[in-house]
Amino acid sequence: MRTLLTFFALLGAISLGFAFPSDVYACSGGGTDNIQNLLERTDYVVKADVIAVDDVRQNATLSVDSYLFGGSGPEYLVFVQTDPVIVTRMTEGDPHGACNFFQPELHPGLTAYFFLTRRADGVYLSTTQWNDPNYYAFPDAETTITFYSQGDDGYVDHVLTEADFVSFVTEFGASTMTEPDSSSSFPRLAPLKITTDTGTQYMLPVDSAIPVEATEDFLREMTIAVMFYDSTGWHERYFYDSVCPGDGCTQVSPDGINRAVHRGDEITWFGGSASGRAFQFSSTGDAIAIWHEDRVEFYTLGWKKRDQPFREVLLLNSVILAGNTDDLPYEGAWSPDGRIFSYSDADGLWSLDVYNPAAEPVRLLATEEGVIPLALAYSPLGRYLQVQQGSERYFLDTVSGEVHPDGLVSPDDQILLAFDTQADEFEPEVCYLAPVRPCETIPSRVLYPSGGEPRAFTEYTQARWRNRFSFIVTICNRDDLEDCVINRFDNRGRHGQWYDGNHFPSEGEGIMFAYFAPNDTLAIVEDSAIVRVNGEAFDFTAVLDGDIVDLEWLPSLFYSSSFR
């Protein structure tokens, strides 16, 4: 209900044509509630067990035992008390949204009654007031709670045991207790973004088989419901494109809680501003790099982080750039820990320990024949740096200086799935970085359908690490690039052989996939409008306005420090 209160407060402010000042918040209030008003804003009242929680015990998967109000609904629900981006706001010191606070912890095994409303992304929120409990538990037969109803002469208080509570809700809700719908799908832990060949974007809610078009109104509704005001848009990084660098460039920080905009010679973000030609947030969202005519400067963002004074923008470091200022490559990469920044100038590719004022830049690579090496991205643990030099891409070992092929580095920085990341079709190899061993070619596969011609799958079009010992690929028929399959390779045994299970293809037919690591969920596009998620098929033909050309999981609704 806390989200709903801010939602309605903001709607009121918008309709009156003013914005909230920074020191006024919409979480004040919260008088005594009554059952009539509570049920009016409630979709379901359920008795449910908490079966899984996130890392901060704010959100949970509920197994519904029974529905007391609203009719029958899904057997399993995702219950959200605090969205992960709001957890990040609180833990990283964002001064905006002073109404953000942790809700009571949820624990697996809790059995309680929940008053719920469904949000557009398919999760369920508590409809109780912010000063009332998010759920009601009866640990024994003697436990009572007090509820109020609106009578002719004012509020009437009701002291209720569990049996009384059930009768109380069903009486005022004019409802009967029903069992959940056991045929409903188990909810996913993240929405799925779908893009068609017309450019239209859709979102598949976590509990639904029907995508919702991501219109401006829909995205605005979700922003109000999740982010409130003085914030980035809901999943702005995923639904809005911006041309950068350049005037008008807009970027959202990787943690999703800050936005910087380049207008003329000024770069402005929540908490500060500076002049500059281009900018790049750090990978952790703690700092920002800003290019000038002859240097790069690094600033804190003006929020209370670590030992910084509240909302003070600090210049952390700066480096002088060599070469013609009109030809500066505004290209850089932050290490995963947000401490090291790699950048280029006319003399080559450099790295700097941004948080050490005494640190000197270290040249990683020199410019060769006028071609400047550019930093693209660091490997998951930060040892390897993907570099582009002219038309060539490769990985640089930032410790030894060794050069490795282009591709994807495993989550533990131990193995490189080597292939040309700029090519539409490729032939991958597995290269061992630690300990070093010769690269192995991933074999092609041939299917021999009964009564048909053999299908030779030799053209790899997509690859992604699943974990440190498993990766997933899309492989297509060399004679028909629209005839593709999804296959998983696992590293098993003492000799490091890569197996693809007892049958090929291990994951079935499909033209592309999207992998969601937090709970190992695989979404596969089987053809132009059919998507299969962990084996369950969804036909979107009647909903989408074109063929699917891209599939992407949005961030998890369960907070996890491992997947920030």
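The values are calculated or read from the model by the stated rules, or taken from the named source; none is laboratory data. Note that the coordinates shown come from a computational prediction; the quantities given were computed from them, not determined experimentally. Every residue, glycine as well, gets a Cβ built from its backbone with ideal geometry; the counts of neighbours run over all protein chains shown. Calculation scope for accessible area: heavy atoms of the full protein, side chains included, ligands and nucleic acids excluded. Shrake-Rupley method; radii C 1.70, N 1.55, O 1.52, S 1.80 Å.
Tabulated results
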quantity	calculated
Distance-filtered residues of segment 60-77 - backbone nitrogen under 17 Å, label point 7 angstrom along H158 Cα→Cβ	67-71
Accessible carbon and sulfur surface of the chain relative to its total accessible area, %, 1.4 Å	48 percent
Theoretical gain in end-to-end length, D241 to D327 [0.36 nm per residue, Cα-Cα removed]	28.5 nm
Accessible area (Å², 1.4 Å probe, nearest 10) - S231	20 Å²
Per residue value of the accessible surface for the chain (all protein chains in place, 1.4 Å probe), Å²	45 Å²
Heavy-atom accessible area order for F538, F504, F469, largest first, 1.4 Å probe	F469, F504, F538
Using a Förster distance of 25 Å, the FRET efficiency for S470-D337 (Cβ separation, nearest 0.05)	0.50
Cβ charges +1 (Lys, Arg) and -1 (Asp, Glu), total dipole of the chain, debye	1160 debye
Crossing angle, helix 162-172 versus the chain [Cα axis fit, 0-90 degrees, rounded to tens]	80 degrees
222 nm mean residue ellipticity, helices alone, for the chain (DSSP H n ≥ 4; -39,500 (n - 2.57); rounded to 500)	-3000 deg cm²/dmol
Estimated distance in nm for a label pair at D527 and E392, the labels positioned 7 Å out from Cα along Cα-to-Cβ	4.5 nm
Nearest 10 degrees, 0 to 90: helix 216-226 Cα axis against the chain principal axis	70 degrees
Added length on full extension, which subtracts the Cα-Cα distance from 0.36 nm per residue, S400 to I210	63.3 nm
Gained length - A358 relative to S149, 0.36 nm times residue gap less alpha-carbon distance	68.5 nm
Ranked order, S400, S561 - accessible area, probe 1.4 Å, largest first	S561, S400
Computed FRET value (nearest 0.05) for E369 with Q422, which takes r as the C-beta separation and R₀ as 22 Å	0.60
Per-pair calculated FRET efficiency, R0 = 41 Å: T541 and S444 via Cβ, rounded to 0.05	0.80
Segment 331-439: GluC sites (Glu not before Pro) falling in loop per DSSP and having at most 16 other Cβ within 10 Å	E369, E402, E425
Where labels lie 7 Å past Cα in the beta-carbon direction, separation of T250 and D347 in nm	3.9 nm
Tilt relative to the chain, helix 2-16 - C-alpha long axis, 0 to 90 degrees, to 10	80 degrees
